[in-house]
């Protein structure tokens, strides 16, 4: 799903992720079976650029992006940009069986039933869902992601002012979900992904290789052990919701990503009293990314990886 017209990928896979604990740039080369780090950089956003993982002052954010480009040396073009998850609304919508383009057009007439702003003020995309018991002959489930059009245009303008082209504009939680899948199909049923962030974390339900439910929760490493305990409780509440809302879907595994603050005590809280496997995965290892330079930032690149690999066939 993307909020901006796709452009052909360049020789390098490049991304910019906008996160509260850092603006990150990542550049990879290669294909799905052989990826290699080329460059990476991270800078703290200037005060006011982002507020609790939401875009704040666009002018200050633009200056922060200029600092990121300076730190990186330059941005490759085109570059995929990740929108903070809290700036995006994701809904499950029922509509008649339609192609993605027709579903997107049909939603325009019913948009304000699902979102607190009109379609004319929105950048949005629609994707059909593959899940057990997906509707009937008259209706099917679609995943719809939307943000304010002014925000999307402002972000594209801020990045392209640096002399590069934006290849895609995508919610960070969708990029994180893709990063946690890895390069090959490995799920036959339902799975839950938990990404442990700084101030906010992501809880994402998938079926096979598609995302179904995305929750951004105000809990993460910044809250210490209490923040992680709060996140574990949110995971438990999400699992209860899944059991009631998606009765034909059973979970095979919980995948946890994020490199800092995750220990066996937290994984045990996530696991609870059930027998569901819980795996703490490194996105870098999952995708087999080689050649990371010692001077480049190594942690916190999960969303940036997900943005880069979206262009891979």
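Quick one: which strands (runs of 3 or more DSSP E) lie wholly within segment 4-85 and hold at least 3 residues that are in contact (Cβ under 8 Å) with a residue 40 or more places away in the chain and within 17 Å of residue 284 (Cβ to Cβ)?
Output list reads 13-19, 22-31, 34-43.
Of 155, 162, 151, 192, which residue is at pLDDT 95 or above, within 24 Å of residue 300 (Cβ to Cβ) and in a loop (DSSP other than H, G, I, E, B)? Quick ask: steps written out before the conclusion?
Details: 155 fails: in a loop (DSSP other than H, G, I, E, B); 151 fails: in a loop (DSSP other than H, G, I, E, B); 192 fails: in a loop (DSSP other than H, G, I, E, B).
On inspection, the qualifying residue turns out to be 162.
Return the residues of segment 91-116 that are farther than 12 Å from residue 142 by Cβ and surrounded by 15 or more Cβ atoms within 10 Å (Cβ to Cβ); say none if nothing qualifies.
111, 115
Please indicate, with yes or no, whether at least one residue in segment 259-269 is in contact (Cβ under 8 Å) with a residue 12 or more places away in the chain, part of a strand (DSSP E or B) and under 24 Å from residue 182 (Cα atoms).
no
Among the residues of segment 70-77, is there at least one that is in contact with a helix residue (DSSP H, G or I) (Cβ under 7 Å, 6 or more places away or on another chain) and surrounded by 19 or more Cβ atoms within 10 Å (Cβ to Cβ)? I'd like the intermediate steps shown before the answer.
Step one: filter segment 70-77 for residues in contact with a helix residue (DSSP H, G or I) (Cβ under 7 Å, 6 or more places away or on another chain), giving 75.
Now drop any that are not surrounded by 19 or more Cβ atoms within 10 Å (Cβ to Cβ), which leaves 75.
Within segment 70-77, one or more residues are in contact with a helix residue (DSSP H, G or I) (Cβ under 7 Å, 6 or more places away or on another chain) and surrounded by 19 or more Cβ atoms within 10 Å (Cβ to Cβ).
Here is a check on your reading of the model: is residue 237 over 23 Å from residue 212 (Cα atoms) and either assigned to a loop (DSSP other than H, G, I, E, B) or more than 20 Å from the chain's Cα centre (by Cα) (or both)?
Here the answer is no, as residue 237 does not meet what is asked.
Among the residues of segment 179-201, which ones are touching a strand residue (DSSP E or B) at 6+ places or on another chain (Cβ under 8 Å) and within 23 Å of residue 132 (Cβ to Cβ)?
Result: 180, 181, 187, 188, 189, 190, 191, 192, 193, 194.
Would it be correct to say that residue 223 is modelled with pLDDT of 95 or more, touching a helix residue (DSSP H, G or I) at 6+ places or on another chain (Cβ under 8 Å) and part of a helix (DSSP H, G or I)?
Considered against the rule, which asks whether it is modelled with pLDDT of 95 or more, touching a helix residue (DSSP H, G or I) at 6+ places or on another chain (Cβ under 8 Å) and part of a helix (DSSP H, G or I), residue 223 comes out as no.
Scan 168, 222 and give me the residue that is within 25 Å of residue 143 (Cα to Cα) and either under 21 Å from the mean Cα position of the chain (by Cα) or outside the structural domain of residue 124 (by TED's automatic domain parsing) (or both). Let's see the steps before the verdict.
Details: 222 fails: within 25 Å of residue 143 (Cα to Cα).
Answer to the selection: 168.
Can you spot a residue in segment 169-187 that is touching a residue at least 40 places away in the same chain (Cβ under 8 Å), crowded, with 19+ Cβ neighbours inside 10 Å and in a loop (DSSP other than H, G, I, E, B)?
Taking every residue of segment 169-187 in turn, at least one turns out to be touching a residue at least 40 places away in the same chain (Cβ under 8 Å), crowded, with 19+ Cβ neighbours inside 10 Å and in a loop (DSSP other than H, G, I, E, B).
Do the conditions hold for residue 45, that is, is it under 30 Å from residue 142 (Cα atoms) and crowded, with 16+ Cβ neighbours inside 10 Å?
no
Taking the condition at pLDDT 95 or above, on the phi < 0 side of the Ramachandran plot, surrounded by fewer than 20 Cβ atoms within 10 Å (Cβ to Cβ) and within 19 Å of the chain's Cα centre (by Cα), does residue 87 pass?
yes
Conditions first: (1) part of a loop (DSSP other than H, G, I, E, B); (2) in the same structural domain as residue 43 (by TED's automatic domain parsing); (3) closer than 22 Å to residue 206 by Cα. Residue 299 passes all but one, so which condition is the exception?
It is condition (3) that residue 299 fails.
With respect to residue 222, is the statement that it is surrounded by 14 or more Cβ atoms within 10 Å (Cβ to Cβ) and over 30 Å from residue 93 (Cα atoms) true?
So residue 222 passes the test.
Restricting the search to segment 270-296, which residues are in a loop (DSSP other than H, G, I, E, B) and either under 23 Å from residue 41 (Cβ atoms) or at pLDDT 90 or above (or both)?
If the condition is that a residue be in a loop (DSSP other than H, G, I, E, B) and either under 23 Å from residue 41 (Cβ atoms) or at pLDDT 90 or above (or both), then 277, 281, 282, 287, 288, 289, 291, 292, 293, 294, 295, 296 are the ones that fit.
The values are calculated or read from the model by the stated rules, or taken from the named source; none is laboratory data. Here the structure is a predicted model, which means the values were calculated and not measured. Cβ coordinates were reconstructed from backbone atoms using ideal geometry, including for glycine residues, and neighbour counts include every protein chain displayed.
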